[in-house]
Amino acid sequence: MVKENNKDILLADEIITSKIYLIRGEKVMLDRDLAELYGVETRRLNEQVKRNIERFPDDFMFQLSEVEFKNLKSQFATSTWGGRRKPPYVFTEHGVLMLSSVLSSKLAIKVNIQIMRIFSKIRQSLADNLSLKLEIEEIKKKLKNQDKNIELLFNYLDELIEKQDNPEPRKKIGFKTNKEN
């Protein structure tokens, strides 16, 4: 967030989007990234959360394991983690929404609204992709059925061609004379 003549200029969506990670199958944001966006220190953000811990159940916020923390740090080429001793807390979309109730600065509220809009865009994008994937799968099924039908058709054609090439002698119908026995 940049201030220009005491007016807040919102961050580019890409900046916020780049701070959303997929951990444990959840889209989450790190406490340090949120603190930076809200213009507060990470420890202050975490203090506010701890003072209001009943508002942050496990599906709103959780702490990374040591392994998850090491994996996350390894994704960054340069270490910006400083002297952090504990793995960070991460907040799901609902946790970020709940942060707006414990951080009441105007900046935090504006940034929070923007984050919620981005989460909504991501959710819509995933829904659109899922719909597209389902349509593709349906087309694949139809193509597989058509392949089977075409194969069956060729088998029938092969049988007909074979019958044409090797016709069975036809039995005559009608009255038989003694010469035909």
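Read the figures in this text as sums done on the coordinates, not as results from a lab. These figures come from a predicted structure and were not determined experimentally. Quick reminder, even Gly has a Cβ in these numbers, built from the backbone with ideal geometry, and neighbours come from all protein chains shown.
Estimated at 0.36 nm per residue, the fully extended path between V67 and E151 surpasses their Cα-Cα distance by 25.1 nm. Only Cα pairs under 8 Å and 6+ residues apart enter the sum, and on that basis the relative contact order of the chain stands at 20 percent. Amide H contacts of M61: T92, each under 5 Å away and 5 or more positions distant or on a separate chain (H built 1.01 Å from N in the peptide plane; Pro and chain starts excluded).
Helix-only arithmetic for the chain: the sum of -39500 (n - 2.57) across DSSP H runs with n ≥ 4, divided by the residue total, places the mean residue ellipticity at 222 nm at -19000 deg cm²/dmol.
Provide Rg over Rh for region 29-181; use the alpha carbon set for both Rg and the Kirkwood Rh (inverse mean inverse pair distance). Spell out each step's value before the answer.
Details: Rg = 35.0 Å, Rh = 21.8 Å.
Expressed as Rg/Rh, it is 1.60.
Full extension of the chain segment joining L126 with E162 gains 7.6 nm, where the gain is 0.36 nm per residue of separation less the Cα-Cα distance. A full extension of the chain between D58 and I136 corresponds to an added length of 24.5 nm, given 0.36 nm per residue minus the alpha carbon distance. A simple spin-label model places the labels of E26 and M116 1.9 nm from each other, with each point 7 Å out along Cα-to-Cβ. Using a 7 Å offset from the Cα along the Cα-to-Cβ direction at both S104 and N178, what is the distance between the two label points in nm, to one decimal? Label at S104, label at N178, 12.4 nm between them. Each part gets one Cα centre, and for region 32-59 versus region 84-118 those centres are 7 Å apart.
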